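Data first, discussion second: the structure below is written as structure tokens.
The values are calculated or read from the model by the stated rules, or taken from the named source; none is laboratory data. These figures come from a predicted structure and were not determined experimentally. Ideal geometry is used to build each Cβ from the backbone, glycine not excepted, and the neighbour counts take in all protein chains shown. Note: areas computed on protein heavy atoms with side chains; ligands, DNA, RNA excluded. Shrake-Rupley method; radii C 1.70, N 1.55, O 1.52, S 1.80 Å.
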Amino acid sequence: MTRFAAFGELFGSHRKDAKRLAQQAAEQAASGYPEAAEALLDQGFANEAQKYESDLWLLKCNLQAREPEAKLACLNACLALHALPLLAARHGHLPPAATNLRAASPIEHTKSGPIVTVLMTTYNSEARVQAAIASVLAQSWTSIQLIVVDDASIDGTVDIVEAIARVDERVRLIRLSSNTGTYAAKCIGLQHAVGDFVTCHDSDDWSHPLKIERQVVPLLESSSLVATTSCMVRVTDEGEFVARNVYPLMRLNPSSTMFRRDRVLVEVGSWDVVRTGADSEFLERLRVSFGEKSVHRVRQPLSLGSHRADSLMNGAATGYDVDGKSPARAVYMQAWKQWHLESRHSAIRLFIPTDPLRAVNERSFPAPSSIEVDAELLAKNVKEAGSSDFGKHLLQACRWAVRSQQIASIPTLGLLMGGEVFRLRWWQRPERVAGLLVWGRKPSAIRALRLTRSLKTPVQYLEDGFLRSFYPGQQHPPLSLVVDDTGIYYDSTRPSAIERLLESPEDLLANGVANDVVRARALVAEHGLSKYNHAPPLAQVQAVLGRPLLRTSDTERVLVVDQTAGDMSIALGGASAQTFADMLAAALAAFPRATVYVKTHPETASGRKGGHYATLADGERVVVLRETIEPLSLLRQMDCVYVVSSTLGFEALLAGKTVHCFGLPWYAGWGATVDMLRCERRTRTRTVDELFAAGYLRYARYVNPETHERGSIFDVIEWLARQRRMAGLLGGPHG
């Protein structure tokens with residue numbers, strides 16, 4: 001073990017011990033044993049555990065700090081562990097609370113940067129809204145648009161906000177005459193957002209001056225991120241830090257989600273329009289739609305939330321009771337989780353319209369009546385709030401740019417991408433596009449990537465899906481497509497979205513996915529489906545030829561799979577033309593009693609492209625198969641399969657065969673294949689079912705060939721199976 005590894009292990013151990021001690025102290029205090037809690041704290045501080053767990057400082061504030069100055073010192077010690085500048089009290093005789101804090105010294109402001117729109121909804125917040133707004137306007141990130149949407153307050157809230165807006169042009173007030181809840185108000189305010197990024201801020205919270213900066217910087221540094229979140233601690237006006245479940249005190253701030261406005265609103269929409277609980281649904285929808293790693297959590301206490309009896313979190317109708325339960329929230333959470341699960345399995349788009357009226361009238365899942373929003377009152381509020389240029393921006397964001405006319409002419413592409421696809425000429429520089437689409441890692445794609453620097457827009461790599469169509473060719477558009485924001489599945493030289501998914505700790509078969517995998521695999525096997533599906537099964541080919549293609553005297557059969565010369569997956573899979581010669585020699589040596597069948601690529605047999613075994617002749621132990629054959633019917637007759645990077649290798653895994661990989665296809669390196677090469681990035685072990693779930697259910701998008709809408713793998717399977725039956729290609733398990 002290196003010195004640095006040993007240090008990391010020791011640090012991790014200290015941190016675990018410190019967290020365990022903090023939890024025990026918090027539980028003792030909550031159970032009515034403050035002396036025992038203080039004894040644990042004293043023990044922890046004596047052992048310097050406070051260097052590893054910031055919650056210990058907050059517990060010290062609760063249990064041992066009596067005076068406001070001592071409480072503030074504990075809070076600052078907590079912030080210092082997260083490299084956050086210190087705070088001071090606005091009124092020194094009062095304890096630190098969400099209404100009584102400011103920066104202890106001037107904060108350096110950023111000179112320029114993209115605008116961040118901050119949405120703040122208010123309702124009878126006159127006692128707290130001024131401090132909340134002040135904390136937003138005092139941010140180090142000064143490129144801010146603050147939209148305050150007042151949800152029909154009857155106190156002095158509006159007067160306070162109007163006074164602030166008169167002296168700071170970054171603040172805009174939208175007044176609603178009917179109370180329809182915070183999420184309806186957020187969605188109305190969102191219609192007037194101009195920022196590249198959007199976040200929210202509760203009207204009774206206070207944020208550290210570095211909050212926005214620390215959340216926006218990761219988004220600027222990594223185009224693969226779509227959102228960031230941060231943490232908060234809840235504090236009473238008396239300066240006591242609290243948590244609903246006692247520990248930890250620092251926890252995720254649900255309203256802190258900062259997201260890329262155009263991309264998120266185009267692909268997943270905005271918040272659900274209900275009275276409570278929609279922040280959690282929105283955040284989870286982002287994770288499900290874009291992937292866990294697309295949402296980055298800044299694990300720092302960047303906000304202080306007001307803990308009070310009349311808040312949305314603690315109110316009788318919308319919040320949690322003394323036992324930490326909320327029947328309405330629980331029913332709502334169960335409903336949206338079921339929607340996420342069903343949509344994920346059927347590949348239906350998880351989307352809630354950005355138009356709040358549509359969101360209410362076209363619900364994708366049910367909500368308890370106690371938290372529903374009145375559609376008539378909402379319509380009135382929307383009308384009063386007026387229109388903006390928001391729709392124009394969103395329309396532009398639905399546009400995907402391509403440089404290639406060939407890509408632009410794919411008729412199913414717009415449907416699969418959820419927007420308009422247009423060809424970008426070299427002289428055009430559109431202001432807003434959702435992204436640039438390129439095809440895999442072709443040289444033309446590499447050239448097109450230079451555009452991303454000037455357009456400042458993300459790139460998406462495209463390739464045909466693993467169940468593409470009945471026939472190959474441009475005249476038969478793809479029914480499935482893979483869309484990758486990192487790389488592409490056949491390029492082992494760099495990460496890809498599917499590799500990231502397989503390397504993640506996520507259980508890929510959880511929540512019913514295992515059942516979908518079993519069903520889909522059974523249907524693929526039953527109907528002999530592959531990437532292209534026009535090939536007749538082995539039995540039919542032999543019947544037409546009037547002779548067997550496989551020797552009846554074989555005791556063992558090995559299949560060696562050829563690929564077309566110049567196939568990019570060969571070089572990007574760490575192989576070369578020599579690899580094919582080595583692979584054939586290895587198969588012959590490993591199975592001295594077997595007949596080795598060499599399957600040439602269909603395009604090699606037709607003469608359109610060259611292959612690596614084009615001149616190979618039949619011999620005593622070698623048989624060359626140049627006929628077009630349904631892959632699964634051939635694979636069933638083999639004992640094992642040798643491939644370089646062909647997708648046929650994964651289909652062999654689906655058929656239960658041992659697969660030897662001489663290159664690095666996407667399914668190699670996870671323990672399911674016998675690998676000649678190694679990819680250092682691939683460290684996890686995955687089953688064939690997990691590989692299928694990742695590649696066929698998560699990585700690929702599908703078109704329903706009947707309705708011409710986004711569909712699922714089962715829509716495509718059913719249609720392809722019907723086409724094969726109509727064409728008389730009756731293979732199946734015995735084909």
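A single entry from Arg626, Arg682, Arg678 fulfils the requirement of being farther than 24 Å from Pro537 by Cα, among the charged types (D, E, K, R) and touching a residue at least 24 places away in the same chain (Cβ under 8 Å): Arg682. So in region 685-717, with the set limited to residues that are among the acidic types (Asp, Glu) and touching a residue at least 24 places away in the same chain (Cβ under 8 Å), which one is surrounded by the most Cβ atoms within 10 Å (Cβ to Cβ)? This residue is Glu690.
Identify all residues within region 458-489 that are aliphatic (A, V, I, L, M), under 19 Å from the mean Cα position of the chain (by Cα) and either within 21 Å of Pro631 (Cα to Cα) or open to solvent by 30 Å² or more (accessible area, probe 1.4 Å) (or both); write none if there are none. Correct list: Leu481 only. Counting residues in region 214-224 that are aliphatic (A, V, I, L, M), over 29 Å from Val360 (Cβ atoms) and open to solvent by less than 10 Å² (accessible area, probe 1.4 Å) gives one or more.
Residues satisfying the criterion are present in region 457-468 (criterion: out of contact with any Gly (no Cβ under 8 Å at 6 or more places or on another chain), of a type in the set (Gly, Ala, Ser), closer than 29 Å to Asn704 by Cα and at pLDDT 90 or above).
For Asp507, indicate whether it is among the acidic types (Asp, Glu), open to solvent by less than 30 Å² (accessible area, probe 1.4 Å) and at pLDDT below 95. No; evaluated as a whole, the condition is false for this residue. Checking each residue in region 17-37 for being farther than 13 Å from Leu56 by Cα and either touching a helix residue (DSSP H, G or I) at 6+ places or on another chain (Cβ under 8 Å) or not aromatic (Phe, Trp, Tyr) (or both) picks out Gln28, Ala30, Ser31, Gly32, Pro34, Glu35, Ala36. Reported count of residues in region 207-230, each being modelled with pLDDT of 95 or more, in contact with a helix residue (DSSP H, G or I) (Cβ under 9 Å, 6 or more places away or on another chain) and not charged (D, E, K, R), is 9. Counting only helices (runs of 4 or more DSSP H) that fall entirely inside region 510-612 and contain at least 1 residues that are in contact (Cβ under 8 Å) with a residue 24 or more places away in the chain and under 33 Å from the mean Cα position of the chain (by Cα), the qualifying elements are 513-527, 568-571.
If you go through region 225-241 and pick out every residue that is more than 24 Å from the chain's Cα centre (by Cα) and either open to solvent by 30 Å² or more (accessible area, probe 1.4 Å) or farther than 30 Å from Arg20 by Cα (or both), you end up with 4. Among residues of region 456-478 that are touching a residue at least 60 places away in the same chain (Cβ under 8 Å) and in a strand (DSSP E or B), those with a beta-carbon under 8 Å from a residue that is of a type in the set (Asp, Glu) and open to solvent by less than 10 Å² (accessible area, probe 1.4 Å) at least six positions away or on a different chain give the pairs Gln460/Asp484.
For the structure I just gave you, tell me whether Thr157 is farther than 25 Å from Lys293 by Cα, β-branched (Val, Ile, Thr) and open to solvent by less than 40 Å² (accessible area, probe 1.4 Å). Criteria met by Thr157. With respect to the conditions (1) surrounded by 20 or more Cβ atoms within 10 Å (Cβ to Cβ); (2) of a type in the set (A, V, I, L, M); (3) part of a loop (DSSP other than H, G, I, E, B), Leu502 lacks only one, and its number is (3). Please enumerate the residues belonging to region 264-289 that are within 19 Å of Gln191 (Cα to Cα), part of a helix (DSSP H, G or I) and either touching an Asp or Glu at 6+ places or on another chain (Cβ under 7 Å) or of a type outside the set (Val, Ile, Thr) (or both). Residues satisfying the conditions are Leu265, Glu267, Ala278, Asp279, Phe282. Screening the candidates Leu625, Leu588, Leu584, Leu634 for the property of being modelled with pLDDT of 95 or more, over 17 Å from Arg551 (Cβ atoms) and among the hydrophobic types (A, V, I, L, M, F, W, C) yields one hit, Leu584. Against the criterion of being open to solvent by less than 30 Å² (accessible area, probe 1.4 Å), out of contact with any Gly (no Cβ under 6 Å at 6 or more places or on another chain) and farther than 30 Å from Ala18 by Cα, Thr121 qualifies. For region 34-57, the condition holds for no residue, the condition being that it is in contact (Cβ under 8 Å) with a residue 24 or more places away in the chain, open to solvent by 10 Å² or more (accessible area, probe 1.4 Å), under 20 Å from Pro248 (Cα atoms) and touching a Ser or Thr at 6+ places or on another chain (Cβ under 7 Å). Summed over region 79-129, residues that are within 26 Å of Asn62 (Cα to Cα) and under 36 Å from the mean Cα position of the chain (by Cα) total 17.
Considering only residues of region 2-35 that are at negative phi and not in a helix (DSSP H, G or I), which is modelled with the highest pLDDT? Only one residue fits best here, namely Tyr33. Scan region 532-544 and tell me whether some residue there is under 30 Å from Leu436 (Cα atoms) and surrounded by fewer than 22 Cβ atoms within 10 Å (Cβ to Cβ). Yes: one or more hits.
Pick out the one residue from Glu48, Glu38 that is modelled with pLDDT of 80 or more and on the phi > 0 side of the Ramachandran plot. None of the other options fit; the residue is Glu48. Report, by residue number, each residue of region 630-641 that is out of contact with any Ser or Thr (no Cβ under 9 Å at 6 or more places or on another chain) and open to solvent by less than 10 Å² (accessible area, probe 1.4 Å). Matches in region 630-641: Ser633, Leu634, Leu635, Met638.
Of the numbered criteria (1) surrounded by fewer than 22 Cβ atoms within 10 Å (Cβ to Cβ); (2) of a type outside the set (Phe, Trp, Tyr); (3) at pLDDT 95 or above; (4) in contact with a strand residue (DSSP E or B) (Cβ under 6 Å, 6 or more places away or on another chain), the one Leu616 fails is (3). Looking only at residues of region 556-579 that are modelled with pLDDT under 95 and over 15 Å from Leu664 (Cα atoms), we find that the one that is surrounded by the most Cβ atoms within 10 Å (Cβ to Cβ) is Thr564.
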